[in-house]
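Read the structure below first, then the notes.
The values are calculated or read from the model by the stated rules, or taken from the named source; none is laboratory data. All of these numbers come straight from a predicted model, not from anything done at the bench. Here the Cβ positions follow ideal geometry from the backbone for every residue, glycine too, while neighbour counts run over all protein chains shown. Calculation scope for accessible area: heavy atoms of the full protein, side chains included, ligands and nucleic acids excluded. Shrake-Rupley method; radii C 1.70, N 1.55, O 1.52, S 1.80 Å.
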Amino acid sequence: MLEYKDKSYICHLDLGFEQIRGKWKAVILCHLFEGPKRFLELQRVTCGVSQKVLNDSLKQLEEDKLISKHIYAEVPPKVEYSLTQRGLELIPALKTIEKWSRKYFSNI
């Protein structure tokens, strides 16, 4: 058993999947791979995610150091989200899963 942030995990794979668990986290990461995005841009490209769920997902990804939030000192404030190095290193694994899905579910 592994302990991380007061939670127990069966193995490192379980802990790794916790970082992207949920419907939107992996999708957000893949969209940020294309470049930094503002909140409303992310909401548009994720089609269907509520403001609360998107906000919660972004906070969790930021806490896990997969993304960073950059607040520009201007009025009104401009906020952009981008991948950290840790987040960038996760992208090949996500792309592998995406490739697998295209191969076996291309008829959908």
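So what does His31 come to for accessible area, using a 1.4 Å probe and Å² rounded to 10?
40 Å²
Could the peptides 96-102, 35-41, 19-25 be put in order, highest first, of the mean number of other beta-carbon atoms found within 10 Å of their residues?
19-25, 35-41, 96-102
Want the number for Lys103 to Glu34: 0.36 nm per residue separation, take away the alpha-carbon distance, what's left? Present the calculation step by step, with values, prior to reporting the outcome.
Details: separation 69, 0.36 × 69 = 24.84 nm, distance 2.23 nm.
Length gained between Lys103 and Glu34: 22.6 nm.
With +1 on the Cβ of every Lys and Arg and -1 on the Cβ of every Asp and Glu, and nothing else charged, how large is the dipole of the range 36-88 about its Cα centre, in debye rounded to the nearest 20?
Numbers: 9 positive and 7 negative charges, 16 e Å.
The calculation lands at about 80 debye.
Using a 1.4 Å probe and counting only protein heavy atoms, arrange Val27, Val49 so the residue with the most accessible area comes first. Let's see the in-between values first.
Values: Val27 50, Val49 10 Å².
Largest accessible area first, the list is Val27, Val49.
Ignoring ligands, DNA and RNA, what percent of the 1.4 Å accessible area of the chain is carbon and sulfur? The partial results should precede the final answer.
Values: 4450 of 7690 Å².
The value for the chain is 58 percent carbon and sulfur by accessible area.
Rank Leu88, Leu2 by accessible area, highest first, at a 1.4 Å probe radius?
On the way: Leu88 75, Leu2 45 Å².
From most accessible down to least: Leu88, Leu2.
Take the residue pairs Lys5/Lys95; Lys25/Lys103; Lys5/Lys37; Lys78/Lys103; Lys7/Lys69; Lys25/Lys78 and return only those whose Cα atoms are more than 32 Å apart.
Lys78/Lys103
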